[in-house]
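This report refers to the structure that appears directly beneath it.
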Amino acid sequence: MPAPVRPHPLARGRLAERTNAFLARAWERGWLPAPELRADALWTLAAKTLGAAAESGGRSPEDVADFRERLTRLIAAVNQEADLNALGRAMAYGQLLRVVKNRLAFGALWTRRPELLDTPIAPPIIVIGHMRSGTTRIHQLLAADPAHSHTRYCDAYHPVPAPLAMNRVKAALELAMLGALNPWMQSIHPMTAGGVEEELAWISAALHHSIYESQWHIPSYSAWSEARGAAPIYREFARILRTDAATRGVAGLPRVLKVPAFAEDLPVLLAQFPDARLVLAHREHGAVLRSAVSLAANQMAVQSDSCDLAAIEARWQHKIALREARIAIALADWNGPLARLAFDDLNADWEAAMRRCYAELGLNLSPTALAAMRKMMAASETGNHHAHSAQLARFAEAG
């Protein structure tokens, strides 16, 4: 069944409205306990199974302290600035509790199996660019090549290894629930449990601001995190990547990595992966801004009744300028392989663009890889993402 027409960037689905009303009423009348969005409450609940000491497994004291400070500051910003509704508060609690539980579960795993952290991996291919600039299409084209590896949604959002493919089952159930609450989610960013996915959740696991500021109005945390050194976040990212590569048996294949927030931390990311190949995506900034605002508004409207489109637009104007400046600084000292791909060139002739990309990266574009890319592009012709273009056109007409 097609999603209902999205009449406005801040529109909410019917189920989200009903769920929000039910939770508010249930908490007010004492039918259900309201979630305790406090750092100590999250730690107490998460540590019941594994114990708080598990956090130190595989991590330095600096990385442990960084996460603790980030969690305290993020929760303070959520409580003081985000103005979450009942559904938003429940979603924030669920997300942050899972982050802390995974934090402890990884520490316990790395204590038992420290060799995972020394897994040698092939030089990655890192896609750099603004959200909505074509990075997803580039990512998926490169991931279609069987000579490369990629992260799946189930590995991104449920990264702790689990038996019997339970991560994939959890991911499928999660996507079904999220799709019911937000009927436009799949048109903005199509996802499947086993599909190609960016690693945003892996930097979010160390409390990078990017995923949270796209859902919640938390300007104090965004500003603090943007200014803070990101080395602990990318050390955690590298630990998760090496663990995933080892447990899935793909360490020998170059991983295609993509997160728009990489642009903010490129020097730190490249210090972790100095042998990486880079692909830089470009799109006209006005189009990037319109699409980014639409995505963020969709996420934020579900969780707050007081979203401000002007504030969302100002935030993403800032993000575009910040990321442009930091990309320029990082690439000024970069001597490794680098390919540049324009959004319009991909639209006009994606095969020619990818042939040039492979040549600039010093990679072989095999007939098998090209056939896989053609299959992927053919399937995308009927994909859900086309509905987002229609939404943006409708919003533009409405003014």
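In whole Å, what is the distance between the alpha-carbon centres of the range 28-76 and the range 189-257?
19
Give me Rg/Rg_expected for the range 193-291, where Rg uses Cα atoms only and Rg_expected = 2.2 N^0.38 Å with N residues.
1.16
With a cut-off of 15 Å, note down the residues of the range 214-232 whose backbone N falls inside the zone around a label point 7 Å from the Cα of R98 toward its beta carbon.
Under 15 Å, as judged by backbone N against the label point of R98, lie 215 of the range 214-232.
Can you give the local net charge around I240? Use residues other than it whose beta-carbon is closer than 13 angstrom to its beta-carbon, Lys and Arg +1, Asp and Glu -1.
Neighbour charge sum, excluding I240 itself: +2.
Output the Kirkwood hydrodynamic radius of the range 28-101, Cα pairs only, in Å rounded to one decimal.
The answer is 13.5 Å.
Given Cβ point charges of +1 (Lys, Arg) and -1 (Asp, Glu) and nothing else, what value in debye, to the nearest 20, does the dipole of the chain about its Cα centre take?
880
Eigenvalues of the Cα gyration tensor times 5, then square-rooted: what semi-axes does that give for the range 95-137, in whole angstrom, largest first?
After scaling each eigenvalue by five and taking roots: 29, 20, 5 Å.
Rank-order 340-349, 367-376 by packing density, defined as the average count of other C-beta atoms within 10 Å over each peptide's residues, highest first.
Details: 340-349: 16.3, 367-376: 14.5.
Result, highest mean first: 340-349, 367-376.
Looking only at Cα atoms, what is the convex hull volume of the range 13-165 per residue, in Å³?
Working: hull volume 30.4 nm³, N = 153.
Roughly 199 Å³ of hull volume per residue.
Under 1.5 on a/c is rounded, so check that first for the range 255-334, then, if it is not, pick prolate when a/b is larger than b/c and oblate when it is not; a ≥ b ≥ c are the square roots of the alpha carbon gyration tensor eigenvalues.
prolate
Just want the answer: with Cβ charges of +1 for Lys and Arg and -1 for Asp and Glu, which residue in G88, L142, M131 is farthest toward the dipole's positive end in the range 72-144?
Going by the charge dipole, the pick is G88.
How fast does the chain diffuse by Stokes-Einstein, in µm²/s, taking the Kirkwood radius from C-alpha pairs at 37 °C and 0.692 mPa s?
Roughly 150 µm²/s, to the nearest whole number.
Non-local amide H neighbours of L278 (under 5 Å, H modeled in plane, Pro and chain starts lacking H): which ones?
I126, L338, A339
Determine the distance separating the Cα centre of the range 341-355 from the Cα centre of the range 135-180; give it in Å without decimals.
So the two Cα centres are separated by 25 Å.
Can you list which of the DSSP-assigned H helices in the chain have a Cα extent of 30 Å or more along the long axis and an average Kyte-Doolittle score of at least -0.5? Walk me through the intermediate numbers first.
On the way: long enough: 86-112 (39 Å, 0.30); 309-332 (35 Å, 0.49).
Long hydrophobic helices here: 86-112, 309-332.
Determine the share of the range 183-335's accessible area contributed by carbon and sulfur atoms, expressed in whole percent, with a 1.4 angstrom probe. Please report the intermediate quantities before stating the final value.
Working: 2810 of 4960 Å².
About 57 percent, which is the carbon plus sulfur part of the accessible surface.
Among the listed pairs K48/K258; K101/K319; K101/K258; K48/K170, which have their C-alpha atoms separated by more than 32 angstrom in this model?
K48/K258
log₁₀ I(q)/I(0) of the range 108-204 at q = 0.11, 0.16, 0.18 Å⁻¹, via Debye over equal Cα point scatterers, no solvent, to two decimals?
So the normalised log intensities work out to -0.40, -0.84, -1.03.
For H130, what is the net charge nearby, where nearby means another residue's Cβ is under 10 Å from its Cβ and Lys, Arg count +1, Asp, Glu -1?
Values: positive: R132, R283, K319, R323; negative: E324.
Net local charge, H130 excluded: +3.
Provide the per residue accessible area, probe 1.4 Å, for the range 278-335, rounded to a whole number of square angstrom. Walk me through the numbers on the way to the answer.
Details: 2510 Å² over 58 residues.
For the range 278-335, the solvent-accessible area averages 43 Å² per residue.
Report the net charge of residues surrounding E264, where surrounding means a beta-carbon distance below 10 angstrom and charges are Lys +1, Arg +1, Asp -1, Glu -1.
Combined, the nearby Lys, Arg, Asp and Glu give +1.
Calculate, in nm to one decimal, what A76 and D344 gain on full extension: separation in residues at 0.36 nm each, minus their alpha carbon distance.
Stretched out fully, the A76 to D344 stretch lengthens by 92.3 nm.
Tally up the carbon and sulfur contribution to the accessible surface of the range 1-47 as a whole percent, 1.4 Å probe, everything protein left in place.
The nonpolar share, carbon plus sulfur, comes to 59 percent.
For the chain, with the dipole built from +1 on Lys and Arg beta-carbon atoms and -1 on Asp and Glu ones, taken about the Cα centre, which of Q317, S222, A162 lies farthest toward the positive end?
It is A162, whose Cα lies furthest towards the positive end.
Give, rounded to the nearest 20 debye, the magnitude of the charge dipole that the range 184-329 has about its Cα centre when Lys and Arg contribute +1 at Cβ and Asp and Glu contribute -1 at Cβ.
So the dipole magnitude of the range 184-329 works out to roughly 400 debye.
The values are calculated or read from the model by the stated rules, or taken from the named source; none is laboratory data. Keep in mind that this is a model prediction, so the values were computed, not measured. Counting neighbours? That spans all protein chains shown, and the Cβs are built from the backbone with ideal geometry, glycine included. Quick note on the areas: whole protein, heavy atoms, side chains included, nothing else; ligands and nucleic acids left out. Shrake-Rupley method; radii C 1.70, N 1.55, O 1.52, S 1.80 Å.
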